[in-house]
Structure formats: structure tokens, C-alpha cells
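The values are calculated or read from the model by the stated rules, or taken from the named source; none is laboratory data. Note that the coordinates shown come from a computational prediction; the quantities given were computed from them, not determined experimentally. As a convention, Cβ positions derive from the backbone with ideal geometry for all residues, glycine included, and neighbour counts pool all protein chains shown. Surface accessibility is based on the protein's heavy atoms, side chains included, excluding ligands, DNA and RNA. Shrake-Rupley method; radii C 1.70, N 1.55, O 1.52, S 1.80 Å.
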Amino acid sequence: APKGEAFGSDDGSIGGSSDLQFGERKIISTGSINVEVEEVQEAVDRVKVVAENFSGFVERLSSFGNDDRQSASITLRVPQASFEAALEDIRRLGDVQSENIGSDDVSEQFIDLEARLKSSQREEDSLLSLLSRSLNISDIISIERELARVRSTIEQLQGQLNFLERR
């Protein structure tokens, strides 16, 4: 998904989906194309170049068959902005037999995760402030326990955001 501007305000409120500008949307596009080619290995090599040309990579590659009939299945990842151009280059490799293209708007999921992350970070700051003023051992232990819980939540939310960003 392309990197966009931060969603939500400092007070934790977020705008509805109608407030999102088209350029701020987080879109994950997927496509599947079956292309018949003369030379499978040559086409595989060209698909690798397509991925590299668009700052992407080959995520998965499998090939099978014998000298009479060979096949390969390749999964590429390219930035969203390069998706259509990469598809066009792949279509040029041979005769397109079938094609299936789709998109998933994950903007609201990003907004929700970012808002929850900000909230958890504010909670962590509050707990750290309490910890620095606390002299009672039992209070310190309770606050540290809560800090561990909040930090775990922050790591999970950041991991989910990172996963979506890589998609």
C-alpha cells in the first residue's frame, strides 16, 4: 500500500471515509494473469526484470513440466503506483489466456490502527509520568505491569501497520 499522510487528529478523533481524499487512500491491488509464451525460462527471467524495474521483487516462483510442456507460477510484489505498468509489461510477454484484477481499500483499517496506536502511545506516556512520581513499591510494580501490557499492544499495532504497508 502506498504511504499516505497521517490520518486522525491529536485528540484521537478520526474522520469518516467520506473525508478521505482519493490520494490519501491506502489501496492494495492484486492481479492474476495467465500468459502463454514460447520459452518459459526466458519469460521467467523477463518477469524478474519487470519486478526489479518497478522496485519490486519476486515473492514466489515455482516451475514444473518437461521439455514438451513447461509452466511457471510467479508471485511479484511491486509498489501500488507501479501496479498497472507492471501488469502491462507482463501482458506483453505472450498471449494472455486469462486475467483477474482486483483492489482492496484498506484506508479505514489504517485509520483505525493509527488511532489505536496513538492512544496506546499516550497511555504509555501517562504511565511513564506516573512511574517517575511514584515512590511506593507496590505502585511501581503495578505501573510496570501496565507498561508491559501497553508496550505489547503498541508492538502489535505497529506490526499490523507494517504488514499492511508491505502489502
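Inverting the pair-averaged 1/r between distinct Cα atoms of the chain gives 19.5 Å as its Kirkwood hydrodynamic radius. Scoring 43-52, 64-73, 156-165, 92-101 by mean Cβ neighbours within 10 Å over their residues and listing the highest first yields 43-52, 156-165, 92-101, 64-73. Between the listed residues GLN156, VAL50, SER62, the Cα displaced farthest toward the positive end of the dipole of the range 38-167, a dipole computed from Cβ unit charges relative to the Cα centre, is found at GLN156.
For the pair ALA72 and LYS48, the difference between a 0.36 nm per residue extended length and the Cα-Cα distance amounts to 7.4 nm. Helical content of the chain, expressed as a calculated mean residue ellipticity at 222 nm, amounts to -16500 deg cm²/dmol (DSSP H runs of 4 or more residues, -39,500 (n - 2.57) each, divided by residue number, nearest 500).
Stretching GLU114 away from PHE64 to a fully extended chain increases their span by 13.7 nm, per 0.36 nm per residue minus the current alpha-carbon distance. In the context of the full set of protein chains, the chain has a per residue accessible area of 67 Å² (1.4 Å probe). The gain in end-to-end length when the GLU155 to ARG122 segment is fully stretched comes to 10.5 nm, 0.36 nm per residue minus the alpha carbon separation. Each Lys and Arg contributes +1 and each Asp and Glu -1, all at the Cβ; summed about the Cα centre of the range 92-143, the dipole is approximately 360 debye.
Taking the 1.4 Å solvent-accessible surface of the chain as the whole, the part contributed by carbon and sulfur is 45%.
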